[in-house]
Amino acid sequence: MSPDLERLIQLQQLASTIEEARQRIDSHPHQLADADARLAEATEHVEAAKGRLAASQGVRRELEKQAALYQGRVSKFKGQLSAVKTNREYQAMQHETATAEQEFSAAEEKVLEQMLDADLIAADIAKAEAALATRKKEVTAEKASLEEELATLQATMAEATVARETLLKTMDSGLVALFEQVAKVRKGIAVCATHDGLCSVCHVRLRPQVFQQVRQNDSIVQCDVCNRILYFVPPPAPPKAEPAAAPAQ
Ligand SMILES: [Zn+2]
């Protein structure tokens, strides 16, 4: 293979390595924000359940006040019963007492409902808190692994950048310019392989004489369609056909 072509291939590999690392690094803030959003969501679930419990407890306190009020009324009426003079007054007082007793037991019933409700909400809180704890662990691990990856990517990028600078110094400036020009309009890929006569990126079939030239790997040949610089890689050897097994007797 011609040294020029070899260097172009190497330049492409380094450029791709740098670009991939850059893209992964650029995706990190989004991934971190995503992890934080998932954590915030789990925290919100806990807060919402706690809010429901506080509301239920407020309702219960209000009901307990009412129950105490009705209970006070019942005792008051019972106390007054002995002081009434007429049968009519006695009946009226008994009716008042019965009403207060009904109201009292209705309020007590509602207090009980709120207590049962509070138990369900407390279970929801426990569930949400467990989910939050799991989520926190996940997010912490995720952030640690992102940080680790970031360090690796930065090292890879720095290494590839130095290697590229070194390589560029050994290259013909015309070839570098050609590489840059094609890379700029072809999403960073200026050099690509063929092993079957198809450009491996744009998939166009090369003209036979072009393919013939590419097969030599000794000159700079560009794809007619996408302009990428082509080089030849022999096709993988076809798998050997298994000899047909004799049918079982
Ligand atoms: Zn092409």
At 7 Å along the Cα-to-beta-carbon direction for both Glu64 and Asn87, put a label point, then send me their distance in nm to one decimal.
4.5
Across all Cα atoms of the chain, Rg and the largest Cα-Cα distance (Dmax), in Å, are 40.8, 128
Would you kindly state how much longer the chain becomes between Gln94 and Gln23 on full extension, computed as 0.36 nm times their sequence separation minus their alpha carbon distance, in nm to one decimal?
17.2 nm
Check each of the trypsin sites (Lys or Arg not before Pro) in segment 105-209 and keep only those in coil by DSSP with at most 15 other C-beta atoms within 10 angstrom; list them in order.
Lys187
What does the accessible area per residue of segment 58-130 come to in Å², with a 1.4 Å probe and no ligands, DNA or RNA counted?
71
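Find the relative contact order for segment 50-144 and round it to a whole percent, using C-alpha pairs within less than 8 Å whose residues are 6+ positions apart.
Answer for segment 50-144 is 41 percent.
Can you give the extra length, in nm with one decimal, that the chain gains between Gln154 and Glu109 once fully stretched, where that is 0.36 nm per residue apart less the Cα-Cα distance? Intermediate values should be presented prior to the final figure.
Working: separation 45, 0.36 × 45 = 16.20 nm, distance 6.62 nm.
Length difference between fully extended and current span is 9.6 nm.
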A chain fully extended from Gln57 to Gln181 at 0.36 nm per residue, minus the present Cα-Cα distance, gains in nm 37.5 nm
Over segment 3-169, relative contact order from alpha-carbon pairs under 8 Å, at least 6 apart, %
47
At R0 = 45 Å, how high is the FRET efficiency between Glu41 and Val233 if r is their beta carbon distance? Nearest 0.05 is fine.
0.40
So which trypsin sites (Lys or Arg not before Pro) in segment 4-97 end up in coil per DSSP with only 11 or fewer other C-beta atoms within 10 Å?
Lys85
Using a basic spin-label model with each label point 7 Å from the Cα along Cα→Cβ, how many nm lie between Ser2 and Arg207?
1.8
On alpha carbon coordinates alone, what is the Rg over Rh value for segment 1-126, Rh being the Kirkwood radius?
1.71
If you fit an axis through the alpha-carbon atoms of helix 3-81 and take the longest principal axis of the Cα set of the chain, what angle between them do you get, 0 to 90°, nearest 10?
0
Residue among Thr170, Thr152, Thr161 with the largest mean-square fluctuation in a Gaussian network model of the chain, springs linking Cα atoms under 10 Å
Thr170
Would you calculate the volume per residue, in Å³, of the smallest convex hull containing every Cα atom of segment 173-232?
67
Among the listed pairs Lys143/Lys169; Lys78/Lys110; Lys50/Lys136; Lys50/Lys143, give every one whose C-alpha distance is greater than 30 Å.
Lys143/Lys169
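What is the percent carbon and sulfur in the accessible area of segment 110-249, measuring with a 1.4 Å probe over the protein chains and ignoring ligands?
Using a 1.4 Å probe with all protein chains present, segment 110-249 comes out at 59 percent carbon and sulfur.
The values are calculated or read from the model by the stated rules, or taken from the named source; none is laboratory data. Quick caveat: nothing in here was measured; it's all calculated off a predicted structure. A quick note on method: Cβ atoms are made from the backbone with ideal geometry, for glycine too, and the neighbour counts reach across all protein chains shown. Please note that ligands, DNA and RNA were not included when accessible areas were found on the heavy atoms of the full protein model with its side chains. Shrake-Rupley method; radii C 1.70, N 1.55, O 1.52, S 1.80 Å.
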